[in-house]
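The values are calculated or read from the model by the stated rules, or taken from the named source; none is laboratory data. Only a predicted model underlies this, so the values are computations on that prediction, with no experimental measurement involved. Note: ideal-geometry Cβ built from the backbone for every residue, glycine included; neighbour counts use all protein chains shown. Note: areas computed on protein heavy atoms with side chains; ligands, DNA, RNA excluded. Shrake-Rupley method; radii C 1.70, N 1.55, O 1.52, S 1.80 Å.
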Amino acid sequence: MVDLQTAPATAKSRAATALLAVLLGGCTAFGPLTIDMYLPAFPQIAADLGSTAAQVQLTLTACLIGLALGQLVIGPLSDILGRRRPLLAGLAVYAVTSVACVFANSVGLLVGLRFIQGVAGAAGIVIARAIVRDLYSGVAAAKFFSNLMLISGLAPILAPVIGGQLLKVATWHGVFAVLAAFAVLLFLGGLFGLRETLPVERRHGGGLGQTFRSIRTLLRDRAFVGYVLTSGLTMAAMFAYISGSPFVIQDLYGASPQVYSLIFGANAIGIVAVAQLNGRLAHRVHSRTLLAIGVQVVALAGLALLAVVLIGGTDLGLTGFLIPLFVMIASIGMILPTTTTLAMADHPEAAGAASALLGSVQFVIGGLTAPLVGLAGQDSAVPMAAAMALMGIAAFAMYFFVARPAARKANAA
């Protein structure tokens, strides 16, 4: 292990650390970039491929399911084969699949390609975290993860903005061309700038069997399941927003792709700001209290959003719609880090499996929710608002009636 507290910080080592941070930061950004960059192009894709809103939203669902399954498979695989080969393979497949998306001529083909793209992109997300654990410990690891969190926090802010600006000069095909180029750059960086970080003697042969045994143990913990489902239902509200907002904000409220991308970015900044506030409060306020506040705000803001849509329709204007939407989305920044902390606190021996399960459940529930927003067509904001409100209320109920009672019982035992 390398610990920056003890290792001498030469100019060469600092440069190598910075290069590694950029490379791994790019890998952790695959999720938000793959999900968010093409969102402003949803209406254009539907028109170009002669498909419906629900069909286009299935491309998002396929990607989310791919990201979920990929994390469960590729993470344990890298414990057997090492980090470098699975990472480079994932980057290569991602690049090739992105190029294929450029030439997709039907929504069915695009759905299939997006699933493969999600599986391949999961390699970067899972293995980046594993590489940091291989190389660093203690304070050094915490500092490095903080750097990665900054990059992964900026990615969802910048992705739709980049996508919206690309649509000024190119069609939706250009978005996937940029994703392909991004993967090629990371592949070259990994090929020439990344050594293997997991030596042969530290690899294990437990494979997927060991992973599933750890997951089975975790699923017997009622509090853990409650936290995971609270997190997953909250992410379902987020993905309902991600899937429905391009049509609602652009088609119903008349915003341009560029204005939509700025609105999306502002909401993402809200998440980052609340997450930073959550981190500052964590030293003074118990995590369960912060989570209780978060789920209550999300549920109330979801109901307010639904009320605005049902009572006023589009008569209240874009501003009236955006206020409760911003409050709800920003509050997610208090829920996600807190549920992760609480879920993993009692399972240090299975931190990897717990992390994979958290991420996978988020993507699966989100992926199943996303297409529901488009089933009623794209002429109303009610389906998106109703889905977000329902998921927010469900997250509230899951915490207060499952996770919190189980945690209190476990602490009293």
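Within the stretch 296-316, residues that are of a type in the set (S, T, N, Q) have Cβ atoms under 7 Å from residues that are in a helix (DSSP H, G or I) and modelled with pLDDT of 95 or more in these pairs: 296/396, counting only partners at least 6 apart in sequence or on another chain.
Here is a yes/no grid of residues against (1) among the small types (Gly, Ala, Ser); (2) at pLDDT below 95:
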{"site": "115", "(1), (2)": "no, no"}
{"site": "118", "(1), (2)": "yes, yes"}
{"site": "128", "(1), (2)": "yes, yes"}
{"site": "132", "(1), (2)": "no, yes"}
{"site": "137", "(1), (2)": "yes, yes"}
{"site": "158", "(1), (2)": "no, yes"}
{"site": "167", "(1), (2)": "no, yes"}
{"site": "171", "(1), (2)": "no, yes"}
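Taking the listed residues 104, 122, the one that is modelled with pLDDT of 90 or more, more than 14 Å from residue 26 (Cα to Cα) and among the small types (Gly, Ala, Ser) is 104, with no other qualifying. Scan the stretch 228-247 and give yes if some residue there is assigned to a loop (DSSP other than H, G, I, E, B) and open to solvent by 20 Å² or more (accessible area, probe 1.4 Å), otherwise no. Within the stretch 228-247, not a single residue is assigned to a loop (DSSP other than H, G, I, E, B) and open to solvent by 20 Å² or more (accessible area, probe 1.4 Å).
The set of residues from the stretch 174-195 being more than 23 Å from the chain's Cα centre (by Cα) and either of a type in the set (A, V, I, L, M, F, W, C) or surrounded by 14 or more Cβ atoms within 10 Å (Cβ to Cβ) (or both) comprises 188, 189, 191, 192, 194. Helices (runs of 4 or more DSSP H) fully within the stretch 43-140 that include at least 2 residues being open to solvent by less than 20 Å² (accessible area, probe 1.4 Å) and touching a Pro at 6+ places or on another chain (Cβ under 9 Å): 53-81, 107-135. Screening the stretch 251-262 for residues that are surrounded by fewer than 23 Cβ atoms within 10 Å (Cβ to Cβ) and out of contact with any Lys or Arg (no Cβ under 9 Å at 6 or more places or on another chain) and picking the one that is nearest to residue 382 (Cα to Cα) gives 252.
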